[in-house]
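To start, the structure itself, in structure tokens.
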Amino acid sequence: MKVRLTKRFRFEASHRLDHLGKEHPCYNLHGHSYRVDIEVYGEVNETTGFLIDYADIKRIVAPIVKRLDHTHLNDIEDLKYTSTEHLAHWLWVRIQKQLPILSRIIIHETDLSRCEYSGE
């Protein structure tokens, strides 16, 4: 049996999209209460009854997300653009190495705006 599991994380951060023109509202310094959904996909282990223990996802992802919490994203190494698209890719690169069953990252920048990334 194959399943998808999702574990949610949260962090607060400021950023600005300083590569955009000054007339764009996101050029200005602002912040978000981000929600990040980490989705994994695969075969359920017949012995454990799990695809993976949620605690294992937390052990892998929480330290990475903690690096972002209460920071200015423009100061994060290797994050050239601080859009949700690039942030999703940045997270993918760091998480997928330790969690090969990672299938999707969803970043909610606001209640109305989100980005989905599947490693492509």
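Summary of values
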| quantity | calculated |
| --- | --- |
| Tally of residues being touching a Cys at 6+ places or on another chain (Cβ under 8 Å) and among the aliphatic types (A, V, I, L, M) across segment 88-120 | 3 |
| Answer from Ile106, Ile57 - the residue that is out of contact with any Phe, Trp or Tyr (no Cβ under 7 Å at 6 or more places or on another chain) and assigned to a helix (DSSP H, G or I) | Ile57 |
| Looking only at segment 102-117, and only at residues there that are over 12 Å from Glu85 (Cβ atoms) and among the hydroxyl-bearing types (Ser, Thr, Tyr), the one that is surrounded by the fewest Cβ atoms within 10 Å (Cβ to Cβ) | Thr110 |
| Extreme residue, modelled with the lowest pLDDT, among residues of segment 25-44 that are assigned to a loop (DSSP other than H, G, I, E, B) and out of contact with any Leu (no Cβ under 7 Å at 6 or more places or on another chain) | Asn28 |
| Odd one out for Gly21 among (1) in contact with a helix residue (DSSP H, G or I) (Cβ under 8 Å, 6 or more places away or on another chain); (2) surrounded by fewer than 13 Cβ atoms within 10 Å (Cβ to Cβ); (3) closer than 24 Å to Glu120 by Cα | (3) |
| Identity of the residue in segment 24-52, surrounded by 12 or more Cβ atoms within 10 Å (Cβ to Cβ) and among the charged types (D, E, K, R), that ends up farthest from Arg114 (Cα to Cα) | Glu39 |
| In segment 78-100, the residues that are out of contact with any helix residue (DSSP H, G or I) (no Cβ under 6 Å at 6 or more places or on another chain), surrounded by 15 or more Cβ atoms within 10 Å (Cβ to Cβ) and not in a helix (DSSP H, G or I) | Tyr81, Ser83 |
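The values are calculated or read from the model by the stated rules, or taken from the named source; none is laboratory data. Since the structure is predicted, the reported quantities are computational estimates derived from the model, not experimental observations. Methodologically, a virtual Cβ is constructed for each residue, glycine included, from the backbone with ideal geometry; neighbour enumeration extends over all protein chains shown.
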